[in-house]
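These notes are about the structure you will find just below.
The values are calculated or read from the model by the stated rules, or taken from the named source; none is laboratory data. Please read all numbers here as calculations on a predicted model, not as lab measurements. Every residue, glycine among them, receives a Cβ derived from its backbone with ideal geometry; neighbour counts consider all protein chains shown. Each accessible area value is taken on the protein alone, full model and side chains, heavy atoms only, with ligands, DNA and RNA left out. Shrake-Rupley method; radii C 1.70, N 1.55, O 1.52, S 1.80 Å.
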Amino acid sequence: MDSAYNFKEYEQKIYELWEKGNFFSPDSYPDHKDQSFCIMMPPPNANDPLHIGHAMFIAIEDILIRFNRMRGLDTLWLPGTDHAGIETQFVFEKKLAKKGESRFDYDRETLYKMIWDYVQENSEVATGQMKKIGASADWSRFKFMLDPKVVEVVLNTFSKLHEKGLVYRSLKLVNYCTKCGTSYSELEVEHEEKSDTLYTIQYGPLQVATVRPETLFGDVALAVNPSDSRYKDFIGQNVEADFPWGKISLPVISDDYVKTDFGTGVLKITPFHDPNDYDVWQRHLNEVSKPIAVINHLGKTTNVPEQFSNLNVNKAREAVVLALEENGQIVKKEPYLHTVGTCYRCKRVIEPLPLPQFFIKVKPLVEPILEALDSKKLAVHGAGHDKILKHWLQNLRDWNISRQIVWGIRLPIWYNTEETQNIQVVFVNKDKQTINSLLSDAIKQGYSLEEIKSGLQSINVPDTAEYVVSPTQPDENVNWIQETDTFDTWFSSAQWPFSTLLASQEQNDFARFYPTQVMETGYDILPFWVMRMLMIGKFVTGELPFNNVYLHGLVRDQKGQKMSKSKGNVINPLEIIEKYGADALRMALVIRSTAGLDKSVGEGDFKAMRNFSNKIWNAARFITTALDLNIKGQDETNQAFIKKMSEVEAQVTQQLTNFKIGQACETTYEEFWHWYCDVCIEDTKQQKLSSDLLKDGLKRFLVLLHPFVPFVSEAIHQELNQTPNQPLIAKNWPL
RNA sequence: GAACCUAUAGCUCAGUUGGUUAGAGCGCUUCAUUGACAUUGAAGAGGUCAGAGGUUCGAGUCCUCUUAGGUUCACCA
């Protein structure tokens, strides 16, 4: 053995030894039958290189997996990757843009294939990196979110939700990003402070304050508070306003929503461009006419007077304000600070737009989870995040699952083209022209339905249309067309704990491993992912997908600052592995980390943990090469050693069982270095402690150390025993 | 506006159901080391555990309030 542990020489060799020996597969341990232990790896984006956060979850999960495998449980860590719908499509679109192309140059089928190939090219990268960190996952059970069998499960879930009446299609205001070209759920909208101008407009006899004069054309009413004495006489009356583009007449309604002390106390109601106005409209359906949309999906004005038509929102606002000013109808302009919804991806202002979308009713899904939290059947480890989860569950709104992108699972929704009126289609014809028209018109112009479908980009079907839910075309004798929206990425990832097992080639994997034991992930995706896995998992299988949630925190730099490219403080896990070894990386991330709280690491931590690997190595080297093996020691010291050794084993076991992973890691580190090395080895040198006991202690410590530092512990084990068929990874845990 | 989290050594953080003298890593001081390891060892300096009150035989730990920082949610035209 060398005098220093050379991790570069061992890590790859050791990983190959495990992988080739199938030691990651539960099927290699026929005696591990009594109890199962399963973790679903949170699937990283298929085409993302790993960052330090991935290293964190791999380290923690691998510790739990190795520990439970060594304890003799039927242990599976199932890895996979996610298609990450919107993220991936936009990365790909950037690539297209570099070639001067866009998604609108391709029909959806072609585009989908192109993205598929692109993802396949890159997906090897992530798995290769996970292996470098030492992930003992069962790669033979690897799943990709868009594997046909996984998709099949997702579609079945949707059908089941539909059968139970939990799916509906509705024309609601959705959060639409006109740049990204898709709608989002509530959760994906960020709120940012923005300074705008608040305009007070002379609206006939009344004055109205607004930041969005360009939506004037979509107004259906003016509203006042019923208790506002100033406007009592107007309620129920119509007011006439003489705008530069013509006269309009609107009813004045009363609603408690209107604040008397804001602006003028008069609110213009624009149901299709403001969610609050939409709600007001819903309460006064009989008093006002049906609204029209005056902004379209490109963020441009539509259904407005000629001179304002087809302008971007900001341009339209300027034009309208100018026209009103010239007419003396702008009473006041004041700076105004308010928060607006922005797209979490591109940071542009979200446009609330009326769009028929599919929603899932969440109430019935949420209740059993709240119950499980209250009855402690579900434990969330992580600094108060159980309360946050509860808060989310209690306030959740119906889930918009439609996305207007190609890269995802297409909704199994079919419209009958013979009976459904006013289907709008966008398709690429044989001459590569993009046609946007009513389906009926396109057919009149000589396009066949098949031709349209093969070049299809998107369809837009009125909210009143009938539809059929079916994974395949429902009936050969009817001309059907399938919805072009795809599922929210989180709808498919919500099913990960069971879709992976149901899609497994091994027939009984689902029965064998479901429900899983732990869901380990970052607290930042608690509402997006964990909450929805619980809801959907319980609904589909009748059981919680897991009873424990372990949330790790963000990895921060040595000063406790968030890592970001612009700060230049990003740590690349692969560089750390190169410099200090995978064991050092894992230890540094995990030691003294606490569930739910952020962890800061720096160069010094990696160095210290590299030193630890070396310490283990040298302790082993001393004992096997330099130790006098005939030391009997003194009874007292020998007895104390035996006692303490068992205590350490019990302590680490207990800490790991209770998900005190950072502490278990620290205990192992402390006891090995500062007790076993500093005290026990010295005792033996001084003839106080039996050399046999000391040697036995090394073997026992290697087992305890293995989940935390798998490479160096296995390397030593192999040096000592030369038994590749009986590696440390498969050894028995003492308790 | 609301919820949640955090406050412990110079820095970054642990501290398990309340229980002797509050710990680690890095940094600092002094010394040691030709035989496991300088990627080492020994010794040491450094803490009113944010502040105030309370519960208790006993509080870093439980409760209330205050202060500071952070995260998230909700926000009115």
- Note on the structure: When region A:718-735 is checked residue by residue, the ones that are within 19 Å of A:E9 (Cβ to Cβ), assigned to a helix (DSSP H, G or I) and open to solvent by 10 Å² or more (accessible area, probe 1.4 Å) are A:Q718, A:E719, A:L720, A:N721
- Query: Could you give every pair whose Cβ atoms fall below 6 Å, whose first residue belongs to region A:598-618 and is over 15 Å from A:A55 (Cβ atoms), and whose second residue is within 7 Å of RNA strand B (Cβ to nearest atom) and assigned to a helix (DSSP H, G or I), counting only separations of at least 6 or pairs across chains?
  - Reply: A:K615/A:W673
- Note on the structure: Taking region A:278-310 and keeping residues touching a Ser or Thr at 6+ places or on another chain (Cβ under 9 Å) and among the small types (G, A, S) leaves A:A293, A:G299, A:S309
- Message: Show the residue pairs meeting these rules: Cβ distance below 8 Å; 6+ apart or different chains; first residue within region A:433-462 and in a loop (DSSP other than H, G, I, E, B); second residue of a type in the set (D, E, K, R) and modelled with pLDDT under 90.
- Response: A:G455/A:K430
- Which one is farthest from A:K699 (Cα to Cα) among residues in region A:634-669 that are open to solvent by 20 Å² or more (accessible area, probe 1.4 Å) and small (G, A, S)? A:A640
- Query: For region A:90-138, how many residues are surrounded by fewer than 21 Cβ atoms within 10 Å (Cβ to Cβ), hydrophobic (A, V, I, L, M, F, W, C) and more than 22 Å from the chain's Cα centre (by Cα)?
  - Reply: 4
- Task: Could you check, for region A:34-56, whether at least one of its residues is in contact with a Pro (Cβ under 6 Å, 6 or more places away or on another chain) and assigned to a strand (DSSP E or B)?
- Result: yes
- Query: Limited to region A:257-294, what total is found for residues that are within 14 Å of RNA strand B (Cβ to nearest atom), of a type in the set (V, I, T) and open to solvent by less than 40 Å² (accessible area, probe 1.4 Å)?
  - Reply: 6
- Query: Of the numbered conditions (1) without any contact (Cβ under 8 Å) to a residue 60 or more places away in the chain; (2) within 30 Å of A:G299 (Cα to Cα), A:L373 satisfies every one except a single condition; which is it?
  - Reply: (2)
- Message: Exactly one condition in (1) at pLDDT below 90; (2) in contact with a Ser or Thr (Cβ under 7 Å, 6 or more places away or on another chain); (3) closer than 23 Å to A:A511 by Cβ is false for A:A46; which is it?
- Response: (3)
- Query: Can you name the residue in region A:139-150 that is out of contact with any helix residue (DSSP H, G or I) (no Cβ under 8 Å at 6 or more places or on another chain) and in contact (Cβ under 8 Å) with a residue 60 or more places away in the chain and, of all such residues, is most open to solvent (accessible area, probe 1.4 Å)?
  - Reply: A:S140
- Among the residues of region A:662-695, write down those that are among the polar types (S, T, N, Q) and within 9 Å of RNA strand B (Cβ to nearest atom). A:Q663, A:T667
- Task: Mind listing whichever residues of region A:204-235 are among the small types (G, A, S) and surrounded by fewer than 18 Cβ atoms within 10 Å (Cβ to Cβ)?
- Result: A:S227, A:S229
- Task: Give just the number: which of (1) among the small types (G, A, S); (2) at pLDDT below 90; (3) under 28 Å from A:A584 (Cα atoms) does A:A715 not satisfy?
- Result: (2)
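One line per residue, one yes/no per condition, for (1) open to solvent by 10 Å² or more (accessible area, probe 1.4 Å); (2) over 30 Å from the mean Cα position of the chain (by Cα); (3) within 16 Å of RNA strand B (Cβ to nearest atom):
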site: A:M1; (1), (2), (3): yes, yes, yes
site: A:W18; (1), (2), (3): no, yes, no
site: A:P30; (1), (2), (3): yes, yes, no
site: A:F57; (1), (2), (3): yes, no, no
site: A:E61; (1), (2), (3): no, no, no
site: A:M70; (1), (2), (3): no, yes, no
